[in-house]
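Each value in this text was obtained by applying a stated rule to the coordinates, not by laboratory testing. Quantities reported herein were computed from a predicted structural model and do not represent experimental measurements. Note that each Cβ is placed from the backbone with ideal geometry, even for glycine, and that neighbours are counted across all protein chains shown.
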Amino acid sequence: MRAMGATLRAELVGAGGVVERNFYLTRRYIYWDLAWFFWTVANTLTIVFIAQGIESTGGKIDVNQVATSLLIGAVVWAYLGVLFEFLMETVAWERWEGTIEYTFMAPLSRAMHLAGQGVFAISYGLLRAVFLFIACALFFDLSMPDANFFGAFVVIAIASISFIGIGVMTSVLPLISPEKGTQLGFVAQGTLLVVSGVYYPVSVLPGWMQFLAKFSPATYALAGARNAIQGGASMSELWPDIWPLILIGIFTIPLGLWVFSRGEHYAKKHGKLKRSG
Amino acid sequence: MSEPSVRVEGLLKVFDVPEREAGLKAAAKGLVRRKTREIRAVDGISFSIEPGEVVGFLGPNGAGKTTTLKMLSGLLYPSGGEALVLGLVPSKRERDFLSRITLVMGNRNQLQWDLPALDSYELNRAIFRIPQAEFTEIRDELIELLGIEDLVRKPVRQLSLGERMKAEIVGALLHRPQVLFLDEPTIGLDVTMQKRIRAFVADYNARFGATVLLTSHYMADVEALCERVVVIHHGQILFDGALSGLADRFAAYKTIGVALENGKADLSRYGEVIHADGDWVTLRVPKAETSSVTARLLAEEEVLDLNVEDPPIEDVIELVFAQERPQAPHESE
């Protein structure tokens, strides 16, 4: 028991090292990150202004409600993008940097290595999402009197576990195909985008796509965030959105690790574990 | 007798490499029926290395050296045979194995390009679970030994190749590995830097009794560090033995250097004159005739000075690499 505890502690220290390294790397390029943040703000605003655009062309909508809904969708989508990017970088970026062989030789279990990547991605992504939400909300006269921001934060945090699981599955793609794997990773992101109701209700989708939406954690994350911020739902009222996220998380994390281990096995068998260029 | 640090038995690595003829027709056909060729990168090699030994692993480009080192490091799964390092199977990725070996590749980096080396060392401390006090002591000692105190605070990408390699070596040795796989650690470095790295490796081996398997295209590295060499070509071992024995086995000639009293005599009747520098003439003679030619020179000429040597190791290696493997690769569809 004591030995197990020591091993776990050592693994956590190793995962902490991965988090620390990502922090150093992010800090190294913080000004470039800020520039990128401005791009994200601009991109998000482009989407949220659609609500005002519809009204100005004669559409009869509740601008406040539609703008808030689009803002939540855009922020969650941007957050998901950060998570996926960090996880894809687990392989793709290390391959480009030339450090991939050493990372895969390190005496750290793959689960803890990926957990380190995931923890940093969640922390950084959530922080960025909060700033993005505030920055964009300032452009609009949005009224959110009953908003339960804490509830929305909890929903997104729980959804992150599932996102990490899916991200781990896609991060293996550059391991299998150094040339095209990274691009293929966007397939998962795109699929989540189209079925999860990021910018429109899931109910507008064809039946078979609505069926797929049931398996997407983004569907529940978006619904939960909107219920909390726009509907002021309490934690207990958010439970119908939370439990599917927990269930999907329980399923996707081990599946993600298994898929990654198979990808690693394939790469080591076929000599794909090497730097690009 | 102690257990070997590295034991390799019939180690095999086969890659299926896609290939096709040029042209649109062949490209279209390849979409339906992919043609591959089986390449035996490492073809059933066997050797073992005792603890504390420094062994040169030589071969031309594509001989199978890096593939072997990657299999010994657990980065590549063998197609067959067995490899044991410190009694453990590399492909199993056991913690006890990974924390006792290191791999330094001259054309790769473990240090993050954008960060000062010190930050990457911190990651290694966490991953290898080196206690803080021990880590600081080892890190500072290595930094001092390699003389890079002023460099470790700069982003790695601002370092020269030689400086980067020294910083890489510090990172690779922080956990005091018992087995070092060094894959061309001096590639691209100037002579002074090469010497410094050689001296460092020799010192590390002497102090910690570490086992070293070294590949290098610089024979000076091998001559300075390795008493034993394993020569691999086309994935097969051509020679495994003392470096001094390499010339005996593969060189068909020796060189005789001679200086004569009269200086200008024509010595071509004794052997092939390969070099003449002032009074000093170097002859190449068949190995079997070395004694008789030497005796004739001494009897027939007024010899001031004479020495008999094996050919330079570079020439011997060139001879070894010139050997061809008879076996043709298999083809499959």
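Of the trypsin sites (Lys or Arg not before Pro) found in segment A:103-188, the ones in coil according to DSSP and having at most 16 other Cβ atoms within 10 Å of their Cβ are A:K180. Over every Cα atom in segment B:6-247, the radius of gyration and the widest Cα-Cα span, Dmax, amount to 19.6, 66 Å. With the charge dipole of segment A:84-147 set up from +1 on Lys and Arg Cβ and -1 on Asp and Glu Cβ about the Cα centre, the Cα lying farthest toward the positive end among the listed residues A:P107, A:F140, A:L126 is that of A:P107. In segment B:252-309, if the dipole is taken from +1 on Lys/Arg beta carbons and -1 on Asp/Glu beta carbons about the Cα centre, which of B:W280, B:A259, B:N307 is farthest to the positive end? Towards the positive end, the residue furthest out is B:N307. Rounded to whole numbers, the Karplus 3J(HN,Hα) couplings from phi for segment A:190-205 are x, 5, 4, 4, 6, 9, 9, x, 5, 10, 8, x, 4, 4, 7, 7 Hz, using 6.51 cos²θ - 1.76 cosθ + 1.60 with θ = phi - 60°, and x at Gly and Pro. Prolate is the label for the protein assembly as shown. Its Cα gyration tensor axes, ordered a ≥ b ≥ c, give a/c of at least 1.5 and a/b above b/c. Relative to the Cα centre, the charge distribution of chain B, modelled as +1 at Lys and Arg Cβ and -1 at Asp and Glu Cβ, gives a dipole magnitude of about 1860 debye. Legend: mean number of C-beta atoms from other chains within 10 angstrom of residue C-beta atoms, peptide B:86-99, equals 2.
So what's the gap between the Cα centers of segment B:54-96 and segment B:149-180, to the nearest angstrom? Their Cα centres are 23 Å away from one another. Remark: relative contact order (segment B:252-309) = 50 percent; criterion is Cα-Cα distance under 8 angstrom and separation of 6 or more residues.
In terms of other Cβ atoms within 10 Å, B:L88, B:L24 run from fewest to most in the order B:L24, B:L88. As a length-normalised measure over Cα pairs under 8 Å and 6 or more apart, the relative contact order of segment B:6-247 settles at 27 percent. Applied to segment B:137-152, the Karplus parametrisation 6.51 cos²θ - 1.76 cosθ + 1.60 on θ = phi - 60° returns per-residue 3J(HN,Hα) values of 5, 5, 4, 5, 5, 5, 4, 5, 4, 8, x, 10, 4, 7, 9, 6 Hz, with x for Gly and Pro.
Greater than 20 Å separation of Cα atoms is the criterion. Which listed pairs, A:K268/B:K70; B:K65/B:K166; A:K274/B:K25; B:K13/B:K92; A:K269/B:K65; A:K274/B:K70, meet it?
Cα-Cα > 20 Å for B:K65/B:K166; A:K274/B:K25; rest within.
For chain A, modelled as a GNM whose springs connect Cα atoms under 10 angstrom apart, the maximal fluctuation among A:T57, A:T40, A:T219 occurs at A:T57. Residues B:V170, A:V130, A:V187, arranged from fewest to most other Cβ atoms within 10 angstrom of their Cβ, appear as A:V187, A:V130, B:V170. Annotation for segment A:98-141: chymotrypsin sites (Phe, Trp or Tyr not before Pro) lying in DSSP loop with at most 16 further Cβ atoms inside 10 Å of their Cβ are A:F139. In order along segment A:139-149, phi translates into HN-Hα couplings of 7, 10, 8, 7, 10, 10, x, 9, 4, 9, 5 Hz, rounded to whole numbers, per the Karplus curve 6.51 cos²θ - 1.76 cosθ + 1.60 with θ = phi - 60° and x for Gly and Pro.
Each Lys and Arg contributes +1 and each Asp and Glu -1, all at the Cβ; summed about the Cα centre of the protein assembly as shown, the dipole is approximately 2500 debye. For B:L88, no residue has an amide H sitting under 5 Å from its own, ignoring neighbours fewer than 5 places away on the same chain, with H placed 1.01 Å from N.
Candidates A:G167, A:F251, B:F239 compared by Cα position along the dipole of the protein assembly as shown: farthest toward the positive end lies A:F251, with charges placed on Cβ. Taking the number of Cβ atoms within 10 Å of each Cβ as an exposure proxy, the fewest-first ranking of B:E223, B:E272, B:E122 is B:E272, B:E223, B:E122. Less than 5 angstrom separates the built amide H of B:Y253 from those of B:K287, all sequence-distant by 5 or more or on a different chain.
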